[in-house]
Amino acid sequence: MDRDKAVEYAQKFWFQPTDDHLVWTKSEAIDVRVRKTELLKRKVIKADWEPVFLRKSVIELSTGAIGRADGLFYVAPAHVGVHFRRSQIPANERYLAQDWFGPTGVSGSPGGLNDCTAYVSHCLAAGGVSGLGPAHPGDVWPTRAVSQLYALKNRPASEVKLIVDMASRAATEAVFAALSHVVKAGDVLTFATHGNQEHSGMLVSIDAATGDATMTCHSTMDHPDLGPGNGSWQKRANADHPFVTLLHFSADDPALGALTGLAGWWTVTWRGDDYYYFLNAAGVCFWVARKPVSAAAPSTYDGWGHWYAGKAADDVVIAWTTGTVDEFTVDGAGTGFVGTESGDPLTGSKGL
């Protein structure tokens with residue numbers, strides 16, 4: 001994956017329709033060229049006005065709740081890429097073409113904006129990720145449901161690693177901190193509720209020391225360029241969809257190097273109980289509660305994740321897909337380690 005190209009595309013299109021000129025609602029695509037022709041016939045916009053998303057106040061008619069969301073507007077060219085809020089643009093230089101909730105003003109409306117996955121998948125495709133765009137030029141963009149991005153977890157670990165799978169915001173923050181040297185711009189977040197994938201975004205920055213990260217999305221639009229306090233992935237892990245999945249493109253992961261010698265079974269003690277970890281040389285790990293009877297990799301397991309070289313020599317990080325993180329230092333012989341899991345001491349010895 002070319003992360004720079006993915007981020008470049010994201011930065012160009014975070015506030016406007018993607019380059020196929022389509023904005024997706026829950027039921028159909030709005031071709032902004034066709035919509036412009038219709039609006040010009042009605043003489044409600046001018047010929048040089050362009051489609052953009054603007055932040056605005058919205059009212060949920062079924063509940064009366066007031067919030068901030070997007071509308072698809074046509075605006076005078078002087079505002080494109082300059083102003084991102086309806087309140088910043090004079091009424092005679094903007095026109096609302098599609099509201100957040102669509103014509104009905106009710107959440108879940110078929111006409112409500114639903115462009116998050118189409119946008120993120122365009123960014124990834126610009127970075128060279130295969131299988132997201134049309135099979136043939138001119139076909140309608142096929143990747144529009146968050147579940148399709150979530151399905152990236154099924155690709156080989158050499159291409160995509162499922163780092164956390166529908167974990168809490170707090171657990172995901174701990175993973176970002178522990179793997180700030182691994183997770184990068186271009187990686188994908190999805191947000192779920194009750195097992196249903198509801199929203200998606202793509203990382204555009206991560207602090208390699210702290211793990212503080214920003215993301216971009218549509219519906220509602222977000223990007224750090226929107227101003228201070230924007231681009232936070234944490235505010236997407238809200239009551240509507242609190243469970244976070246982190247999908248990491250792994251081709252540029254730091255090499256395990258000599259740490260590949262740690263592959264095999266380990267007996268691990270945590271909170272007074274013994275567990276058994278199996279690490280393979282490709283960076284995948286499993287744990288079981290019952291002592292294995294074979295030195296082979298387990299066919300069934302109680303949990304799984306990936307292991308990485310840490311930020312210092314002889315340090316290892318295991319990120320279990322539940323969001324739990326193990327961090328430990330291996331001894332000089334490579335046969336024992338000492339570290340922590342969830343703040344409690346963790347020790348391990350090579351073998352069963």
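The values are calculated or read from the model by the stated rules, or taken from the named source; none is laboratory data. Computed from a prediction, not measured in an experiment: that's the story for all the values here. Heads up, the Cβs are rebuilt from the backbone with ideal geometry, glycines too, and the neighbour counts pull from every protein chain shown.
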>> List pairs: first residue in the range 256-279 and under 18 Å from VAL325 (Cβ atoms), second residue surrounded by 13 or more Cβ atoms within 10 Å (Cβ to Cβ) and of a type in the set (Lys, Arg) anywhere in the structure, Cβ distance under 8 angstrom, at least six positions apart or on different chains.
In response: LEU262/LYS350; TRP266/LYS350
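Among the residues of the range 68-94, which ones are surrounded by fewer than 21 Cβ atoms within 10 Å (Cβ to Cβ) and in a strand (DSSP E or B)? Let's see the steps before the verdict.
So in the range 68-94, the residues surrounded by fewer than 21 Cβ atoms within 10 Å (Cβ to Cβ) come out as 68-69, 76-83, 85-93.
If the condition is that a residue be surrounded by fewer than 21 Cβ atoms within 10 Å (Cβ to Cβ) and in a strand (DSSP E or B), then ARG68, ALA69, ARG85 are the ones that fit.
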> Residues in the range 189-203 that are crowded, with 23+ Cβ neighbours inside 10 Å and either out of contact with any Phe, Trp or Tyr (no Cβ under 8 Å at 6 or more places or on another chain) or among the aromatic types (Phe, Trp, Tyr) (or both): how many?
Replying inline: 2
>> hydrophobic (A, V, I, L, M, F, W, C) and surrounded by fewer than 18 Cβ atoms within 10 Å (Cβ to Cβ): which single residue out of ALA65, ALA97 fits that description?
In response: ALA65
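When you check SER158 against the structure, is it over 30 Å from ALA312 (Cβ atoms), surrounded by fewer than 20 Cβ atoms within 10 Å (Cβ to Cβ) and outside the structural domain of TRP307 (by TED's automatic domain parsing), yes or no?
no
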> Filter the range 315-334 for residues that are over 17 Å from SER180 (Cα atoms) and in contact with a Leu (Cβ under 9 Å, 6 or more places away or on another chain); which is surrounded by the most Cβ atoms within 10 Å (Cβ to Cβ)?
Replying inline: VAL330
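Among the residues of the range 118-174, what is the count of those that are of a type in the set (Asp, Glu), under 26 Å from GLY211 (Cα atoms) and in contact with a Gly (Cβ under 9 Å, 6 or more places away or on another chain)?
2
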> What number of residues within the range 141-155 satisfy the criterion of being under 17 Å from PHE191 (Cβ atoms) and either in contact with a Cys (Cβ under 8 Å, 6 or more places away or on another chain) or among the charged types (D, E, K, R) (or both)?
Replying inline: 3
>> Quick check on the range 312-332: of everything there that is modelled with pLDDT of 95 or more and aliphatic (A, V, I, L, M), which residue is nearest to the chain's Cα centre (by Cα)?
In response: ALA319
> Looking at (1) in the same structural domain as CYS123 (by TED's automatic domain parsing); (2) more than 26 Å from ALA209 (Cβ to Cβ); (3) modelled with pLDDT of 95 or more, can you tell me which one TYR301 breaks?
Replying inline: (1)
>> Just to be sure I understand the filter: pairs with C-beta atoms under 6 Å, separated by 6 or more residues or on different chains, first member in the range 323-352 and in contact (Cβ under 8 Å) with a residue 40 or more places away in the chain, second member of a type in the set (Lys, Arg). Which pairs pass?
In response: ASP344/ARG271
> In the range 236-278, what count of residues is obtained for those that are closer than 21 Å to ALA174 by Cα, in a loop (DSSP other than H, G, I, E, B) and not hydrophobic (A, V, I, L, M, F, W, C)?
Replying inline: 7
> Pairs under 9 Å by beta carbon, first residue closer than 13 Å to ASP207 by Cα in the range 167-195, partner part of a helix (DSSP H, G or I) and of a type in the set (A, V, I, L, M), six or more apart or different chains?
Replying inline: VAL183/VAL175; ALA185/ALA6; ALA185/VAL7; ALA185/ALA10
>> With the requirement that a residue be in contact (Cβ under 8 Å) with a residue 60 or more places away in the chain and among the acidic types (Asp, Glu), what does the range 196-224 give you?
In response: ASP222
>> Just to check your reading of the model, which residue among VAL34, VAL44 is among the β-branched types (Val, Ile, Thr), outside any helix (DSSP H, G or I) and at pLDDT 95 or above?
In response: VAL44
> Do you know which residues across the range 220-235 are outside any loop (DSSP other than H, G, I, E, B), out of contact with any Lys or Arg (no Cβ under 9 Å at 6 or more places or on another chain) and within 17 Å of PHE176 (Cβ to Cβ)?
Replying inline: PRO224, SER232, LYS235
